[in-house]
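The values are calculated or read from the model by the stated rules, or taken from the named source; none is laboratory data. Predicted, not measured: the structure shown is a model, and the values here were computed from it. Virtual Cβ from ideal backbone geometry, glycine too; neighbours counted across all protein chains shown.
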Amino acid sequence: MDPITLNDPAMNKLTTIESHFLQQQKLYPEVNAEVIDLLHDVAFAAKLVRREVVRAGLADILGLTGSTNVQGEEVKKLDLFANEKIICAIGQHGRFAIMGSEENDSIIIPPKNETGNYALLFDPLDGSSNIDVNVSVGTIFSIYRIKSEDPGNASLADCLQSGAEQVAAGYVIYGSSVVMVYTTGHGVHGFTYDPTIGEFLLSHENIITPERGKYYSANEGSWAQLNDGTKRFLDYLKEEDAETGRPYSTRYIGSLVADFHRNLLTGGVFVYPATKKHKQGKLRLMYEANPLSFICEQAGGRATDGERRILDIVPEELHQRTPLYIGSKEDVLVAEEFEQGKR
Ligand code: AHG
Ligand code: MN
Ligand code: MN
């Protein structure tokens, strides 16, 4: 029997996320060794978080910690566990200059002699309300090159950059399978974790999101708090109109990363507008809206706050919130027309 050859169809190509990172580094000079190292560390941290998430019911990491975070939200044990794992996994290699986490009131600075030229902003565990009930949750991250000349003097200002300045962004969704999706500004690529070999393997190369979707994601329980434009948009999606594929189906998981991932792959729109309770919207600009907007635009979608492109917003605070309309380009454009009173 002849030995297998490289172009043999049976030679199914297995691309690990690490080898994909190295391909990106070879193809794109700005995706330099430091960025690749940071992405490596994020993928490693994701494996540590996954290990606990998939057995959360067995380990003593379900339930509340009894504390509240800077967001004024109850903190779940898995929020803190994920936060600590990411900070340690990234911090131990001294490759970053500064970090900002949803769970930390202020920025995280490494020891003076162990800094790099990049800032990492992240939501360690997105979808906290779903942790104890076995519904998909995730981790979302964003990487910027710092502006400070001296990494040893990095400050909050190095975090407060508009989303258009991101050099990389991504998320991990801990669901029926664990998938890591990232972009360095050269397309969007997804990797599915294979626990039998402990690797993230390329499963979704060059993700492109449909121009128009068939799902919408919104918490309609807040109907009484919604502004008129949002209400009219949601009513519009429910009307019968075969030409525009309406009515859309509603899909709202309560984990942004899960709703976003489904809409990215199948097409759809996610809206979390300003409400009476969240006057600036609930979702955070730096470690939820910006990274997902970078990915969404790279996949051909659109992300705004109803008026402005998310990636153009100049942040003023680390934990600032923003209304978020994100997903298929045509659907987000229609949402904006309703928000702006043009429909
Ligand atoms: P987090 O768990 O990081 O605080 O994020 C929760 C967010 C987001 O994941 C989700 O889309 C949204 O909260 C759900 O909010 P409502 O429960 O108000 O709909
Ligand atoms: Mn979140
Ligand atoms: Mn969170």
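Sort out which residues of the stretch 112-140 are within 16 Å of ligand 1 (Cβ to nearest atom), part of a strand (DSSP E or B), of a type outside the set (Asp, Glu) and in contact with an Asp or Glu (Cβ under 8 Å, 6 or more places away or on another chain), and write them in order of number.
Listed by number, the residues that qualify are Phe122, Pro124, Leu125, Val137, Gly138, Thr139, Ile140.
Assigned by TED's automatic domain parsing to the domain that holds Val49 and crowded, with 22+ Cβ neighbours inside 10 Å: is that true of Val181 in this structure?
Yes.
Looking at (1) surrounded by fewer than 24 Cβ atoms within 10 Å (Cβ to Cβ); (2) free of Cβ contacts under 8 Å to residues at least 60 places away in the same chain; (3) within 16 Å of ligand 3 (Cβ to nearest atom), find the lone condition where Ser255 falls short.
(2)
Would you call Tyr236 assigned to a helix (DSSP H, G or I) and surrounded by fewer than 24 Cβ atoms within 10 Å (Cβ to Cβ)?
yes
Can you find even one residue in the stretch 321-337 that is surrounded by fewer than 21 Cβ atoms within 10 Å (Cβ to Cβ), assigned to a loop (DSSP other than H, G, I, E, B) and modelled with pLDDT of 95 or more?
The answer is no, given that none of the residues of the stretch 321-337 is surrounded by fewer than 21 Cβ atoms within 10 Å (Cβ to Cβ), assigned to a loop (DSSP other than H, G, I, E, B) and modelled with pLDDT of 95 or more.
Might you let me know whether the stretch 250-259 holds any residue that is polar (S, T, N, Q) and within 16 Å of ligand 2 (Cβ to nearest atom)?
yes
Looking at the stretch 281-315 only, could you name the residues that are under 23 Å from His189 (Cα atoms) and touching a Pro at 6+ places or on another chain (Cβ under 8 Å)?
Leu285, Met286
Tell me which residues, restricted to the stretch 65-94, are of a type in the set (D, E, K, R), surrounded by fewer than 18 Cβ atoms within 10 Å (Cβ to Cβ) and within 19 Å of Ala45 (Cβ to Cβ).
Glu84
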